[in-house]
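Trainee: Dropping a structure here in structure tokens format, bear with me for questions.
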């Protein structure tokens with residue numbers, strides 16, 4: 001998993017739970033104590049252990065925790081990839097163009113990086129269907145990122161998941177609808 005996910009997780013944990021929470025989380029999860037660098041790749045199992053431990057400690061179910069994390073990191077991701085984002089875009093536009101404008105570049109620039117594959121179909125000016133595919137099955141993070149993008153642009157969205165890999169589907173289908 002790309003190091004940015006870990007550095008953002010550390011920021012999320014310390015913001016939500018306090019300065020000492022990250023060290024405690026590392027200790028409780030039995031993940032090796034290390035400094036995560038955004039330019040490196042780390043084992044997926046470390047993220048799984050950290051999130052499972054955070055869920056146990058906070059009593060927040062893993063999907064809700066991942067969704068909140070995704071919403072939290074969205075502004076940082078927008079800043080990080082601003083050069084690839086058309087300044088005229090809003091929420092649905094950014095979701096529609098994430099794969100070809102951002103994920104393709106992440107895969108090219110960071111060998112070994114494997115962000116999810118997104119195919120987004122614009123259903124109307126106020127609605128899009130995001131098809132999320134990843135062996136990691138972190139669709140809750142994708143939902144949270146969509147919510148965080150909307151908040152960043154001052155918009156409100158509703159999400160429904162018509163299909164989900166956690167329910168045995170081949171892909172997750174996340175319907176994103178702008179709310180007036």
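Trainee: For residue 122 and residue 136, compute 0.36 nm times the residue count separating them, minus their Cα-Cα distance, and round to one decimal in nm.
Mentor: So the chain would gain 2.5 nm between residue 122 and residue 136.
Trainee: Between the helical axis of 139-152 and the dominant principal axis of the chain, each derived from Cα atoms, what acute angle in degrees is found, rounded to the nearest 10?
Mentor: 70 degrees
Trainee: When 80, 129 are ordered from fewest to most other Cβ atoms inside 10 Å of their Cβ, what list results? Display every interim value, and only then the final one.
Mentor: Values: 80 15, 129 18.
By the 10 Å Cβ count, ascending: 80, 129.
Trainee: What angle do you read, to the nearest 10 degrees and between 0 and 90, between the alpha-carbon axis of helix 3-17 and the longest principal axis of the chain?
Mentor: 70 degrees
Trainee: Taking only Cα atoms, what is the 0 to 90° angle, nearest 10, from helix 62-80's long axis to the longest principal axis of the chain?
Mentor: Orientation of helix 62-80: about 70 degrees from the principal axis.
Trainee: Give me the extension gain from residue 79 to residue 27: residue separation times 0.36 nm, minus the current Cα-Cα distance, reported in nm with one decimal.
Mentor: 15.6 nm
Trainee: Moving on to the next point. Relative contact order for region 1-65 using alpha-carbon pairs under 8 Å, separation at least 6, rounded to a whole percent?
Mentor: 38 percent
Trainee: Next question. If I take all pairs of Cα atoms in region 33-96, what percentage of them are more than 16 Å from each other?
Mentor: Result for the distance tail: 62 percent.
Trainee: So how far apart, in nm, are the two label points at residue 114 and residue 15 if each is 7 Å from Cα heading toward Cβ?
Mentor: 2.8 nm
Trainee: Any idea how far the Cα center of region 8-52 sits from the one of region 61-94, in Å?
Mentor: Using only Cα atoms to place each centre, the spacing works out to 20 Å.
Trainee: Any idea what the relative contact order of the chain is, in percent, if you count C-alpha pairs under 8 Å spaced at least 6 apart?
Mentor: Worked out over the chain, it gives 20 percent.
Only the coordinates and a few stated rules stand behind these numbers; no lab work does. Note that this is a predicted model, so its numbers are computed, not measured. Positions of Cβ are generated from backbone atoms using ideal geometry, with glycine treated the same way; all protein chains shown enter the neighbour counts.
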